[in-house]
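Data block below; observations after.
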Amino acid sequence: MAVNVGIYIYDDAEVLDFAGPYEVFAVASRLCAEGEKISVSLIGATGQTVRARNGFQVVPEHCIDDHPRLDVLIVPGGIHLAEMEKPGVIDWIRSVSADAKIVASVCTGAFLLAEAGLLDGLSVTTHLEDIADLRASYPALEVRENVRWLRSGRVATSAGISAGIDMSLALVSDLFGEGLAASTARQMEYDPVR
């Protein structure tokens, strides 16, 4: 089985929100069984350099107008308000999500999924400091606190920053089995919260 994972990045995205899931899927790809393949890429609104939190610069491999078909879309958090005001980005998230097997957010990336209408009626989470704001902004969501990550059907959301690693390992387990997830965590020397 081949799986394409796309991680959307933008200015002021939290670095570990996208780098953690990227590392999980990249390591899992190296450890896959024969006949299995995971391709993971960073996708920006344009092909231009993105300045993530604290000035961390990264060049996305693809842009929203030109990327492979995605089986998994991950939207990180960070300072996300400017992204919320980009109809083209919100429309792209909605469009890609229609065909993806899994749509996930890390931290405040949940606001972008909510704005795209993908979280209505679901149990979701976000960074602990943003729980109240997510509840107030999107009353159709069941926003839960004190959880690392949640899965509602094909949609997953995680709490802040490092919680995206736990969620990504769970997604690897769902897609390829617990054995690959455990091997990935061991290779990363990471003890996931289940």
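Descriptive notes on the structure:
- Complete set of residues in the range 27-39 that are closer than 19 Å to Q187 by Cα and not in a helix (DSSP H, G or I): C32, A33, E34, E36, K37, I38, S39
- Search result, residues across the range 134-153 that are open to solvent by 60 Å² or more (accessible area, probe 1.4 Å), touching a strand residue (DSSP E or B) at 6+ places or on another chain (Cβ under 7 Å) and in a loop (DSSP other than H, G, I, E, B): R144, R148
- Residue-level check: of (1) open to solvent by less than 30 Å² (accessible area, probe 1.4 Å); (2) more than 16 Å from the chain's Cα centre (by Cα); (3) closer than 26 Å to G177 by Cα, A33 misses just (1).
- Residue within the range 164-173 that is among the hydrophobic types (A, V, I, L, M, F, W, C), open to solvent by 50 Å² or more (accessible area, probe 1.4 Å) and either out of contact with any helix residue (DSSP H, G or I) (no Cβ under 6 Å at 6 or more places or on another chain) or under 26 Å from D12 (Cα atoms) (or both) present: no
- Considered as a group, the residues in the range 105-124 that are free of Cβ contacts under 8 Å to residues at least 40 places away in the same chain and on the phi > 0 side of the Ramachandran plot include one that is surrounded by the most Cβ atoms within 10 Å (Cβ to Cβ), and that residue is G117.
- Residues that are without any contact (Cβ under 8 Å) to a residue 12 or more places away in the chain and not in a helix (DSSP H, G or I), drawn from the range 7-26: none
- Any chance I131 is surrounded by 15 or more Cβ atoms within 10 Å (Cβ to Cβ) and either closer than 18 Å to Y22 by Cβ or of a type in the set (G, A, S) (or both): no
- One residue stands out among those in the range 83-104 that are outside any helix (DSSP H, G or I) and not hydrophobic (A, V, I, L, M, F, W, C): the one that is least open to solvent (accessible area, probe 1.4 Å), which is K86.
- Of residues in the range 1-30 being touching a helix residue (DSSP H, G or I) at 6+ places or on another chain (Cβ under 9 Å) and surrounded by fewer than 16 Cβ atoms within 10 Å (Cβ to Cβ), the one modelled with the lowest pLDDT: M1
- All positions within the range 70-82 that are of a type outside the set (V, I, T) and either in a helix (DSSP H, G or I) or under 18 Å from Y22 (Cα atoms) (or both): L70, D71, L73, P76, G77, G78, L81, A82
- For the range 59-92, a tally of residues being in contact with a strand residue (DSSP E or B) (Cβ under 7 Å, 6 or more places away or on another chain) and of a type in the set (K, R) returns 1.
- Screening A156 against (1) open to solvent by 10 Å² or more (accessible area, probe 1.4 Å); (2) touching a helix residue (DSSP H, G or I) at 6+ places or on another chain (Cβ under 8 Å); (3) under 25 Å from E142 (Cα atoms) leaves a single unmet condition, (1).
The values are calculated or read from the model by the stated rules, or taken from the named source; none is laboratory data. Since this is a predicted model, take the numbers as computed values, not measurements. Methodologically, a virtual Cβ is constructed for each residue, glycine included, from the backbone with ideal geometry; neighbour enumeration extends over all protein chains shown. When the accessible area is computed, the model is the full protein with side chains, heavy atoms only, and any ligands, DNA or RNA have been set aside. Shrake-Rupley method; radii C 1.70, N 1.55, O 1.52, S 1.80 Å.
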